[in-house]
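Novice: Structure provided below as structure tokens; questions to follow.
Derivation of every value follows stated rules applied to the coordinates shown; laboratory data play no part. None of the values given here were measured: they were computed from a predicted structure. Neighbour counts run over all protein chains shown; Cβ positions are idealised from the backbone, glycine included.
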């Protein structure tokens, strides 16, 4: 039965990797993987000889000899199965609720056109200076609003500054590198880093302390080299645009960013799960958005409208923000995380981790994991690694995994969510990115990795 579950995982993963080829959204194989894997475990539960206790990170003693059911509610294979399923679902939902809250805050900011405030600060017409501005902004913004959103925001701003699509391709490539680098050192900057943070593998302070320098080098080395390349020489001419300023845009931008930054502080002070702090931040941003909203209904509208409730909802910034949430991504994370949880529950991931530690040095494995994240989605890679190693909180390996998984995906355009969304927005071909940007991303990744290992050896 274990073999059948592994085959389901491999096939599902293959379909996820070939998403753009087969034209099937990756959430479909992810959900199928999850459902089939847990169903196979339920059907073959009596035949399993091992079970992994995720709470205590060890195999259950004597699981093979436990009864299938227990009439007096004692230990049984069924009770372990039900408790593990509930445990993993609860931990997964913590991550998903956190992401939904963060996405909603970002969409509320966008509703007020708050990100246009950033564009107003850019005054230069030199390409090299603009490159540095965009990369530094990507590095900072991705640490606050996540690398995917930061990439979307900056590409949108870039379109308002540079007319030629060929020129934008080069800027976009460096933005991807900088955004992924910025997301690695922040607990809220990348999904994988958030997973490690919420899984109590890393703490906020240690994550920032250990990864800020490697992540910065990962960004600055490619940017410095690129600034001397021909595409970034000379000046650019911004296109003519009559932009409409939305009232309260800057207010909502600063409030939203502060609300998201507040979450790690809230967790540190209260020791509550991060999603609680995110819900508090969302509530505050939502309240202010509703107060500042320009919704006005005349007495005639209120008197004649056949669907007053629907009209009110459609004009609400909060309602609009919630309607734009990327539910396919949320469901994809649900499917992937619960599938890996199924493999973890059977002890497969734990045993694989023990084999890896015996075969190769763990630092080499983590570097290879980062390279693998350029090809394979980094979410399941990190999810699997969390079940592989029995290491204490803030062990340097966890931080190295966060860095490698977060920045390694920049080496190929399909290796990160930021790269995939940029690929769609600017029509960047896989081979163009591989030819022109991949070597810069690789240099940045290796520079940051070497600096991390060097810092740990001192």
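Novice: Which of rounded, prolate or oblate describes the range 141-292 when judged by the alpha-carbon gyration tensor and an a/c cut-off of 1.5?
Specialist: It comes out oblate by the Cα gyration axes.
Novice: By how many degrees, 0 to 90 and rounded to 10, does the Cα axis of helix 396-408 deviate from the longest principal axis of the chain?
Specialist: 50 degrees
Novice: Still on this structure, please answer the following. Could you work out how far apart the two model spin labels at residue 24 and residue 272 are, taking each label as a point 7 Å from the Cα in the direction of the beta carbon, and quote it in nm?
Specialist: Spacing of the two 7 Å Cα→Cβ label points: 4.2 nm.
Novice: Continuing with the same structure: Between the range 60-114 and the range 1-28, how far is it from one alpha carbon centroid to the other, in angstrom?
Specialist: 22 Å
Novice: By how many nm would the segment from residue 435 to residue 42 grow when fully extended, if each residue of separation counts as 0.36 nm and the alpha-carbon distance is taken off?
Specialist: Working: separation 393, 0.36 × 393 = 141.48 nm, distance 4.76 nm.
Extra length available between residue 435 and residue 42 comes to 136.7 nm.
Novice: Further, regarding this structure: What do you get for the angle between helix 249-270 and the principal long axis of the chain? Use alpha-carbon atoms, 0 to 90 degrees, nearest ten.
Specialist: Helix 249-270 sits roughly 30 degrees off the main axis of the chain.
Novice: By per-residue mean of other Cβ atoms within 10 Å, what is the highest-first order of 175-181, 275-281?
Specialist: Sorting 175-181, 275-281 by mean packing, highest first, produces 175-181, 275-281.
Novice: Here's another thing I want to ask about it. For residue 453 and residue 49, compute 0.36 nm times the residue count separating them, minus their Cα-Cα distance, and round to one decimal in nm.
Specialist: 141.5 nm
Novice: What is the helix-to-structure angle for 378-388, meaning the angle in degrees between its Cα long axis and the longest Cα principal axis of the chain, kept from 0 to 90 and rounded to the nearest 10?
Specialist: 30 degrees
Novice: Under the rule of -39500 (n - 2.57) per DSSP H run of 4 or more residues, summed and divided by the residues of the chain, what mean residue ellipticity at 222 nm is obtained, to the nearest 500 deg cm²/dmol?
Specialist: After summing the helix terms and dividing by the residues of the chain, the value is -23000 deg cm²/dmol.
Novice: Can you tell me the order of 203-209, 2-8, 443-449, 111-117 when each peptide is scored by its average per-residue count of other Cβ atoms within 10 angstrom, highest first?
Specialist: Highest to lowest by the protection proxy: 443-449, 111-117, 203-209, 2-8.
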